[in-house]
Amino acid sequence: MDHFHYRRGMLHAEGVSLATLGTEVGTPTYVYAEATLRRHWEVVSHAFAGRPTLVCYSVKANSNLALLSRFAEWGAGFDVVSGGELARVERAGGQPRRTVFAGVGKTKRELQQALGSGVLLFNVESAEELELLDQVARAAGVRAPFAIRVNPDVDARTHRSISTGLKTSKFGVPLAEARALYQRSRQLRGLLAKGVDCHIGSQLTRVGPLAQAVRRVAALYRQLAAEGHPLGLLDVGGGLGIRYRSEAPPGPEAWAKVLRAATADIAATLVVEPGRVLVGNAGVLLTRVLYRKPGHARRFVVVDAGMNDLLRPALYGAEHEVVSVRQRRGRRVLLDVVGPVCESTDTLAAGRHLVLPLQGELLAIRTAGAYGMSMASNYNGRPRPAEVLVSGRRWQVVRTRETLRDLWRGESTGR
């Protein structure tokens with residue numbers, strides 16, 4: 001569900017015309033609908049009603065302060081993977097004591113930062129990280145609450161670049177090693193085992209692999225609890241998929257049903273970490289047509305947004321629906337929507353049948369709220385886009401467009 005609809009032939013975000021935003025803010029610009037964010041948050045959180053659950057928004061999906069602030073107001077916890085993300089959560093009013101710190105390569109400085117902030121849980125991904133966390137905690141005179149991230153060796157059946165639960169993945173540790181690390185932790189005075197963790201991948205469109213993985217991790221949780229480890233949290237990750245073009249992923253209710261069933265006899269608080277499902281459909285990337293260009297094999301439409309603004313198509317071969325902001329009728333032609341970046345992979349939509357856009361026309365790249373702006377870069381010396389949050393008939397710029405001077409902020413010529 002989203003709140004982007006045509007009204008009198010013009011695409012709107014809630015009550016605001018995207019044509020108005022294109023004129024007043026310029027392009028490329030990310031536009032988010034707060035009503036969609038709120039609706040998705042309510043659906044996900046209500047799916048776990050009656051089961052002790054902490055819903056932690058996965059910050060890497062979209063780390064805009066305005067969005068983080070809304071989730072904090074609505075009662076979300078947070079899932080972070082860097083000290084920078086933790087700092088953003090705190091700046092937005094989020095609570096570290098409701099924040100899980102994940103990530104396969106935490107630095108000593110980040111561990112110190114997170115301990116000082118008082119995060120709820122460290123999801124540890126290796127024996128050496130466990131030892132370092134113990135050292136940092138003892139130096140600070142505290143005990144660090146941790147969970148071991150288990151790699152259950154389950155194929156999530158998603159894109160290979162976002163599948164994280166196979167034995168060939170860099171993430172987590174095998175079940176047998178995880179149990180040994182819990183035993184080792186009893187000899188380390190700076191640690192406190194508070195949970196077990198797993199996450200098998202992103203853009204999950206089937207519940208079967210998730211059920212298989214959670215059952216394996218739940219079995220380990222039972223063993224550890226029986227051995228006297230003071231657990232209380234079972235972190236089952238996130239990754240629930242959304243519809244970009246033709247996918248048919250399960251809804252939050254089906255997702256929650258699987259997790260409930262696999263953990264029904266465990267008296268732990270369930271930690272879930274949705275990201276994409278909360279913000280993906282809540283955003284579009286607004287872009288303007290620069291040129292139409294006939295090629296030898298097909299026609300190109302060159303727009304002012306590029307792979308530095310929306311990396312997913314170049315990185316994953318991801319497909320986003322592209323629509324005209326002003327509804328137009330006419331014969332559809334085969335074309336590629338491409339950006340201005342000097343890379344052949346700078347194709348935002350390939351092989352689409354669209355009414356040939358006019359030069360200067362506004363287009364909207366849909367379902368761009370997740371992993372859009374958070375992956376944006378300055379490649380080719382391009383300032384990053386602006387971001388706008390729409391609430392009903394009101395809108396505000398929640399990140400100003402970078403200027404050319406921003407491109408060399410912090411640099412010097414070395415002379």
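Condition test on residue 201, is it among the small types (Gly, Ala, Ser) and either under 29 Å from the mean Cα position of the chain (by Cα) or at pLDDT below 95 (or both)? It is true that residue 201 is among the small types (Gly, Ala, Ser) and either under 29 Å from the mean Cα position of the chain (by Cα) or at pLDDT below 95 (or both). Can you find even one residue in the stretch 260-267 that is touching a helix residue (DSSP H, G or I) at 6+ places or on another chain (Cβ under 7 Å), among the hydroxyl-bearing types (Ser, Thr, Tyr) and within 15 Å of residue 54 (Cα to Cα)? Scanning the stretch 260-267 turns up at least one residue that is touching a helix residue (DSSP H, G or I) at 6+ places or on another chain (Cβ under 7 Å), among the hydroxyl-bearing types (Ser, Thr, Tyr) and within 15 Å of residue 54 (Cα to Cα). Among the residues in the stretch 216-228, are any at pLDDT below 90 and in contact with a helix residue (DSSP H, G or I) (Cβ under 7 Å, 6 or more places away or on another chain)? Yes, that holds for at least one residue.
Consider the stretch 173-207 and keep the residues that are part of a loop (DSSP other than H, G, I, E, B) and in contact with an Asp or Glu (Cβ under 6 Å, 6 or more places away or on another chain). The one that is surrounded by the fewest Cβ atoms within 10 Å (Cβ to Cβ) is 205.
None of 327, 396, 359 is within 27 Å of residue 66 (Cα to Cα), surrounded by fewer than 24 Cβ atoms within 10 Å (Cβ to Cβ) and not hydroxyl-bearing (Ser, Thr, Tyr) except 396.
The number of residues in the stretch 124-151 being among the aromatic types (Phe, Trp, Tyr) and part of a loop (DSSP other than H, G, I, E, B) comes to 0.
Residues in the stretch 1-48 that are more than 18 Å from residue 59 (Cα to Cα), surrounded by 17 or more Cβ atoms within 10 Å (Cβ to Cβ) and of a type in the set (Val, Ile, Thr): 16, 25, 27, 29. Taking the stretch 223-266 as the range and being within 26 Å of residue 188 (Cβ to Cβ), part of a loop (DSSP other than H, G, I, E, B) and not β-branched (Val, Ile, Thr) as the test, the residues that pass are 227, 228, 229, 230, 231, 232, 237.
Checking each residue in the stretch 96-123 for being part of a strand (DSSP E or B) and among the hydrophobic types (A, V, I, L, M, F, W, C) picks out 100, 101, 121, 122.
Taking the criterion of being under 14 Å from residue 284 (Cβ atoms), not in a loop (DSSP other than H, G, I, E, B) and not small (Gly, Ala, Ser), the residues of the stretch 345-376 that qualify are 348, 362, 363, 365, 373. Restricting the search to the stretch 363-415, which residues are under 24 Å from the mean Cα position of the chain (by Cα), charged (D, E, K, R) and farther than 19 Å from residue 314 by Cα? 387, 399, 401, 402 - these are the residues of the stretch 363-415 that are under 24 Å from the mean Cα position of the chain (by Cα), charged (D, E, K, R) and farther than 19 Å from residue 314 by Cα. A Cβ distance below 7 Å, combined with a sequence gap of six or more or placement on separate chains, defines the contacts here; from the stretch 230-245, residues that are over 17 Å from residue 264 (Cβ atoms) and among the aliphatic types (A, V, I, L, M) reach residues that are assigned to a loop (DSSP other than H, G, I, E, B) and modelled with pLDDT of 85 or more in the pairs 240/274; 242/367.
Is there a residue being more than 30 Å from residue 261 (Cα to Cα), surrounded by 17 or more Cβ atoms within 10 Å (Cβ to Cβ) and among the hydroxyl-bearing types (Ser, Thr, Tyr) anywhere in the stretch 76-90? Yes; the residues of the stretch 76-90 include at least one that is more than 30 Å from residue 261 (Cα to Cα), surrounded by 17 or more Cβ atoms within 10 Å (Cβ to Cβ) and among the hydroxyl-bearing types (Ser, Thr, Tyr). Within the stretch 310-344, the residues that satisfy the criterion of being in a loop (DSSP other than H, G, I, E, B) and polar (S, T, N, Q) are 327, 344.
The values are calculated or read from the model by the stated rules, or taken from the named source; none is laboratory data. These numbers come from a predicted model, not from an experiment. All Cβ positions, glycine included, derive from the backbone under ideal geometry; neighbour counts span all protein chains shown.
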